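Q: This is the structure, below, for whatever I ask next.
The values are calculated or read from the model by the stated rules, or taken from the named source; none is laboratory data. Predicted, not measured: the structure shown is a model, and the values here were computed from it. FYI the Cβ positions are ideal-geometry reconstructions off the backbone, even for glycines, and counts take in every protein chain you see. Remember, those area values only see protein heavy atoms, side chains included, never the ligands or the DNA or RNA. Shrake-Rupley method; radii C 1.70, N 1.55, O 1.52, S 1.80 Å.
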Amino acid sequence: MQTMISEIAAHDGETVTLKGWLYNARSGGKIRFLLLRDGTGTIQCVASRADVGEETFELIDTLTQESSIVVTGVARADKRAPGGFELDVKHLELIGRADEYPISLKEHGTAFLMENRHLWVRSRRQVAILRLRHEIIRAIRDFFDNRGFTLYDTPIFTPSACEGTSTLFETEYFGEKAYLAQSGQLYAESGAMALGKVYCFGPTFRAEKSKTRRHLIEFWMVEPEVAYLDLEGDMELAEDFISYIIERVLENRQEELKTIERDTAPLEKIKKPFPRITYTECVDIIKKAGHPIEWGDDFGGDEETVVSSQFDAPVMVHRFPAEIKAFYMKSDPEDERLALGFDMLAPEGKGEIIGGGQREDDYDTLVKKIKAHNLPLEAFNWYLDLRKYGTVPHAGFGLGLERTVGWICGLPHVRETIPFPRMLHRMKP
Ligand code: 4AD
Ligand code: MG
């Protein structure tokens, strides 16, 4: 039977079989130290000629990094060992000898690592990040599932744009033009009218021509949508949501956070309520920081960083100029120039992780907005139906998974937050 390295503590003094890959090997006179990894952890295995026999001992000296091996031995507690345990090897079997492994234990440049992403994911740091990503995904699902939301899967092939035409990926669908989904929101709105509270969670696509540390071409987005919810309620939902994710990660993934040397103090500080400031107040903050900006300009990464670094908690910026926001946003009845939308900016200068708001629920106004954005009305007939047949105020938001993982892990770039990042000029492997 196979024991996982993460469960070794339950087997002190017992004979166990570990199955994994050789991470590193070292010779110390008459014994050999093998660092074995199995995806759940690493453990030092100690082999002596007397214990394993002549033949195996010689085999050990020929083992290459990343060779797959099955090791049987006695688990022994050792305070000095990184995981608190070592294995005294009794038997070792070579499963697959590895060719000379391109990723050695020394430092490599990012371009090289990206080219070898399929192997790079084996490294201890990447494994920890991927586990953190997994925990965040589970927290996302649990949060909505526990609050009565229904998962509502939205399509990837779509006939129209959701987030503006400049970042659309066009493709062909049996002779018709189709676009890869930039967001599931418009479809999720139909779900809210059917089920009350829904969320979609899947890959989304944007032909972003800018090369930044925050943009991917393919990224995962979770989008809740709720009937009878307004902007205030939407911001409260977003705040509860982020607090829950942080709590879960801190509760369950201390070890991974330690592996990637994440200082968790900034995460522990995060407490509700999060600050809420208007776009107009933000413009003042940005001006005071010495950045040129005029009311009506959109924020770029630099502006977001200026604002978010003023706060310890994520900050919610609401009521942007309607001009710079998507067609579906409801205008503020108190000032028609403003949209009832918000962005949540992560702390530590990380920028926007959430975008959302209240949707335009009036049929005629929505028609005007679609036209004003030069979008083809026919493509939105089904969407307009939602305003024809029992329209209600409703709201939702979208959280970018990779940016959230990047922030929580304290990574400078989103490329390490997903197994195979799709970026401008990089689609391989
Ligand atoms: O602000 P965005 O464009 O909002 C929407 O798509 C809405 N339809 C969501 C909704 O209300 N249901 O995108 C939402 C989030 C951003 O805050 C960001 O975290 C992430 O998606 N995002 C990206 N992440 C990585 N790479 C990109 N190119 C991204 N574009 C957006
Ligand atoms: Mg946005």
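Q: Can you name the residue in the stretch 62-93 that is of a type in the set (G, A, S) and assigned to a loop (DSSP other than H, G, I, E, B) and is also surrounded by the most Cβ atoms within 10 Å (Cβ to Cβ) among such residues?
A: By that ranking, first place goes to S67.
Q: Quick check on the stretch 411-429: of everything there that is closer than 17 Å to E304 by Cβ, within 13 Å of the chain's Cα centre (by Cα) and more than 16 Å from ligand 2 (Cβ to nearest atom), which residue is least open to solvent (accessible area, probe 1.4 Å)?
A: Within the stretch 411-429, the match that is least open to solvent (accessible area, probe 1.4 Å) is L411.
Table: residues versus (1) touching a strand residue (DSSP E or B) at 6+ places or on another chain (Cβ under 6 Å); (2) at negative phi; (3) crowded, with 21+ Cβ neighbours inside 10 Å.
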{"site": "T165", "(1), (2), (3)": "no, yes, no"}
{"site": "F174", "(1), (2), (3)": "no, no, no"}
{"site": "S190", "(1), (2), (3)": "no, yes, no"}
{"site": "L195", "(1), (2), (3)": "yes, yes, no"}
{"site": "E223", "(1), (2), (3)": "yes, yes, yes"}
{"site": "M235", "(1), (2), (3)": "yes, yes, yes"}
{"site": "I242", "(1), (2), (3)": "no, yes, yes"}
{"site": "E251", "(1), (2), (3)": "no, yes, no"}
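Q: Might you let me know whether the stretch 4-24 holds any residue that is of a type in the set (K, R), open to solvent by 40 Å² or more (accessible area, probe 1.4 Å) and more than 20 Å from G83 (Cα to Cα)?
A: So far as the stretch 4-24 goes, no, none of its residues is of a type in the set (K, R), open to solvent by 40 Å² or more (accessible area, probe 1.4 Å) and more than 20 Å from G83 (Cα to Cα).
Q: Filter the stretch 94-109 for residues that are farther than 25 Å from T259 by Cα and either open to solvent by 90 Å² or more (accessible area, probe 1.4 Å) or in contact with an Asp or Glu (Cβ under 6 Å, 6 or more places away or on another chain) (or both) and give the result.
A: Correct list: I95, R97, A98, D99, E100.
Q: Still on this structure: List the helices (runs of 4 or more DSSP H) inside the stretch 233-296, counting only whole elements, that have at least 1 residues being of a type in the set (F, W, Y) and at pLDDT 95 or above.
A: Where helices (runs of 4 or more DSSP H) fall fully within the stretch 233-296 and carry at least 1 residues being of a type in the set (F, W, Y) and at pLDDT 95 or above, they are 279-288.
Q: For the stretch 378-405, enumerate the residues that are within 16 Å of ligand 2 (Cβ to nearest atom), part of a helix (DSSP H, G or I) and open to solvent by less than 40 Å² (accessible area, probe 1.4 Å).
A: L401, E402, T404 - these are the residues of the stretch 378-405 that are within 16 Å of ligand 2 (Cβ to nearest atom), part of a helix (DSSP H, G or I) and open to solvent by less than 40 Å² (accessible area, probe 1.4 Å).
Q: If you take the residues in the stretch 336-363 that are within 13 Å of ligand 2 (Cβ to nearest atom) and open to solvent by 20 Å² or more (accessible area, probe 1.4 Å), which one is farthest from V307 (Cα to Cα)?
A: Taking the candidates together, the pick is G355.
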